[in-house]
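Enquirer: First the structure, which I've put down as structure tokens, then a few questions once you've had a look.
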Amino acid sequence: MAAVEDLHAALREAGATVASAESLTAGRLAALLTEPPGASETYRGGFVTYATELKHTLLGVPASVIESVGVVSAECAAAMAAGARERSGATYALATTGVAGPDEQEGKPVGTVHLGISGPLGETTVQLALSGSRDQIQRDTCLYAVEELLGLLRREDRGVR
């Protein structure tokens, strides 16, 4: 949990907040982000958009993205993060989408994960190829998401993107 505590400390230091938009992690990222005492100072809230249409209606993922590249894509992760950031008023937003299993989705194998991060400097994505059980993939996705945002905050603090 040290990384989550470090993330909240970095957000507090920056005077920033975070929101989450989740598909394959189904609320686990929000649960992780709210574990440390005082998380309410920096965590604004989250969206669990497990169903494809909710990515569009709640987060504003363009239908063209869903139709052309699908929801298991970097484009969808970036749009989910941007939508969560805009709708929550957070400084940053983390998004998770992918395939936790047990079966492939959109022709993508189990363990294909896309993280989206939206912040003042725009959107960025990270693709992961994870292995293990459904539970492990979901847990590891959350941990990677926290680490990625923490790394971004540290780079931005040093003036590096």
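No lab work stands behind these numbers, since they all come straight from the coordinates. Owing to the predicted nature of the structure, the values given are computational and were not obtained by experimental measurement. In this analysis, Cβ positions are derived from the backbone assuming ideal geometry, glycine residues included, and neighbour counts consider all displayed protein chains.
Enquirer: Just give me the residues in region 102-151 being surrounded by fewer than 19 Cβ atoms within 10 Å (Cβ to Cβ), part of a helix (DSSP H, G or I) and of a type in the set (A, V, I, L, M), in sequence order.
Expert: Answer for region 102-151, where residues must be surrounded by fewer than 19 Cβ atoms within 10 Å (Cβ to Cβ), part of a helix (DSSP H, G or I) and of a type in the set (A, V, I, L, M): Leu143, Leu150.
Enquirer: Another question about this same structure. Within region 47-101, can you find the residues that are surrounded by fewer than 24 Cβ atoms within 10 Å (Cβ to Cβ), farther than 23 Å from Ala14 by Cα and of a type in the set (S, T, N, Q)?
Expert: Thr52, Thr57, Ser64, Ser68, Ser73
Enquirer: Now for a separate question. Where in region 1-69 are the helices (runs of 4 or more DSSP H), entirely inside, with at least 3 residues that are free of Cβ contacts under 8 Å to residues at least 60 places away in the same chain?
Expert: Here the list reads 2-14, 52-57, 63-68.
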